[in-house]
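Before any comments, here is the structure.
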Amino acid sequence: MKNLFAILSAVVLTSTLSLSVSAFAPGGAADTPAIESFSTWTQFASPDTQTPAIDETGCLDYSLAKIAVRYNLPLDGADVFDTSYTYYTEFVEEAIHPAYTKAVYFSEHFAPLVRFEEQVPINADTASQSWEQAYEYCHSLQGDIPRAFVLEMHTASGSSHFVAVESLDPVQERLYLYDSGDRFSEYLGDSVSQSRGYHVESIYTIKILTVPGDADGDAQITLSDAVLLGMLLMHDTKYDLRYDANQDGLLTAEDTDYITRYAQYTQLSAEGGNASIK
Ligand SMILES: [Ca+2]
Ligand SMILES: [Ca+2]
């Protein structure tokens, strides 16, 4: 019975992938490195100038793929320096399974680096109440363990929408977003999310246990991590997932090179001031 289920799942997966991959075209901004452009990936087939990735599989796939890039989660056939087209295509093939709850399958695929924690309902009468409750929930989980959040929402037009949270601003009490829609919302409650009527229905929460390349453990990959790992490598450092930036099972100078390249893309946004979710 289990084998039959596996075969049926594979058939469903193959047919779904053939649709999704054929709808996703290389070229243009889709040829930029994933680490450079992931925050602007969207799922719609009618792109505007902000749309490097063109696909119809759904914004939840994009939200999870953005989390994978953000936390340097390893794929077998691509890394964050490959084009957005290559990375996203590999991501959908490896880390998305239509027969499972996507956020759960994603988390099991990338274990032990991440762990699915829960899906919590947000029961609010109005959109603005749902934004407040979503913020309060994410804020309540700030602590030593960083977490990724995906907001499941309904829009004013009645469609479903999924958005990953980029960061939490405790001063303004805002959730900044990696919006995967066709008109980008910067933060929950801004004019775009108001005009689209974003109403948060539930939140998927994923614990980020290890970020490969984050040598100092602050959940960000910056040049400080390259400096620290460089010093560690001068001694006989014991293997640690956190130090193995390129996830090849070895600790070498390639890992410091990887962190340095990654940090070139993230350093500016890190200096921009948005707090990480931890
Ligand atoms: Ca770090
Ligand atoms: Ca390595």
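The values are calculated or read from the model by the stated rules, or taken from the named source; none is laboratory data. Only a predicted model underlies this, so the values are computations on that prediction, with no experimental measurement involved. All Cβ positions, glycine included, derive from the backbone under ideal geometry; neighbour counts span all protein chains shown.
Considering only the range 202-254, how many residues are away from ligand 2 (no atom under 14 Å from the Cβ), among the hydrophobic types (A, V, I, L, M, F, W, C), assigned to a loop (DSSP other than H, G, I, E, B) and farther than 30 Å from Glu136 by Cα?
The qualifying residues number 1.
Which of the residues spanning the range 222-243 are away from ligand 1 (no atom under 14 Å from the Cβ), in contact with a Ser or Thr (Cβ under 9 Å, 6 or more places away or on another chain) and not hydrophobic (A, V, I, L, M, F, W, C)?
Residues satisfying the conditions do not exist here.
With the structure loaded, tell me whether Val150 is under 20 Å from Ala219 (Cα atoms) and β-branched (Val, Ile, Thr) or whether it fails that test.
On the way: under 20 Å from Ala219 (Cα atoms): yes; β-branched (Val, Ile, Thr): yes.
Yes; evaluated as a whole, the condition is true for this residue.
Considering (1) at pLDDT 95 or above; (2) among the aromatic types (Phe, Trp, Tyr); (3) farther than 30 Å from Asn123 by Cβ; (4) more than 13 Å from ligand 1 (Cβ to nearest atom), say which one Tyr187 fails and leave the rest.
(3)
May I ask you to say which residue of Phe162, Phe149 is aromatic (Phe, Trp, Tyr) and over 20 Å from Ser195 (Cα atoms)?
Working: Phe162 fails: over 20 Å from Ser195 (Cα atoms).
Among Phe162, Phe149, only Phe149 is aromatic (Phe, Trp, Tyr) and over 20 Å from Ser195 (Cα atoms).
What number of residues within the range 128-166 satisfy the criterion of being of a type in the set (Gly, Ala, Ser), surrounded by fewer than 21 Cβ atoms within 10 Å (Cβ to Cβ) and modelled with pLDDT of 95 or more? Give the steps one after another, and end with the answer.
The initial filter retains those residues of the range 128-166 that are of a type in the set (Gly, Ala, Ser), namely 128, 130, 134, 140, 143, 148, 156-160, 164.
From what's left, surrounded by fewer than 21 Cβ atoms within 10 Å (Cβ to Cβ): 128, 140, 143, 156-160.
Okay, now just the ones that are also modelled with pLDDT of 95 or more, so 128, 140.
The total comes to 2.
Which condition number does Ser128 fail, the rest of (1) more than 25 Å from Asp244 (Cβ to Cβ); (2) in contact (Cβ under 8 Å) with a residue 40 or more places away in the chain; (3) touching a strand residue (DSSP E or B) at 6+ places or on another chain (Cβ under 9 Å); (4) not in a loop (DSSP other than H, G, I, E, B) being met?
If we test Ser128 against (1) more than 25 Å from Asp244 (Cβ to Cβ); (2) in contact (Cβ under 8 Å) with a residue 40 or more places away in the chain; (3) touching a strand residue (DSSP E or B) at 6+ places or on another chain (Cβ under 9 Å); (4) not in a loop (DSSP other than H, G, I, E, B), just (3) comes out false.
So is Asp214 at pLDDT 95 or above and surrounded by fewer than 21 Cβ atoms within 10 Å (Cβ to Cβ) or not?
Numbers: at pLDDT 95 or above: yes; surrounded by fewer than 21 Cβ atoms within 10 Å (Cβ to Cβ): no.
Here the answer is no, as Asp214 does not meet what is asked.
I'd like to check something: does the range 173-189 contain any residue that is acidic (Asp, Glu), surrounded by 22 or more Cβ atoms within 10 Å (Cβ to Cβ) and not assigned by TED's automatic domain parsing to the domain that holds Gly58? Let's see the steps before the verdict.
First pass over the range 173-189, keeping only residues acidic (Asp, Glu): 173, 179, 182, 186.
If we keep only those that are surrounded by 22 or more Cβ atoms within 10 Å (Cβ to Cβ) as well, we get 179.
Still in the running and not assigned by TED's automatic domain parsing to the domain that holds Gly58: 179.
Yes, because at least one residue in the range 173-189 is acidic (Asp, Glu), surrounded by 22 or more Cβ atoms within 10 Å (Cβ to Cβ) and not assigned by TED's automatic domain parsing to the domain that holds Gly58.
Is it the case that some residue within the range 98-107 is outside any helix (DSSP H, G or I), farther than 30 Å from Gly217 by Cβ and in contact (Cβ under 8 Å) with a residue 60 or more places away in the chain? Spell out how you get there, then give the answer.
If we filter the range 98-107 for residues that are outside any helix (DSSP H, G or I), which is where we start, we get 98-101.
The next check asks that each one be farther than 30 Å from Gly217 by Cβ; those that pass are 98-100.
From the residues that got through so far, the ones that are in contact (Cβ under 8 Å) with a residue 60 or more places away in the chain too are 98-99.
The answer is yes, given that some residue of the range 98-107 is outside any helix (DSSP H, G or I), farther than 30 Å from Gly217 by Cβ and in contact (Cβ under 8 Å) with a residue 60 or more places away in the chain.
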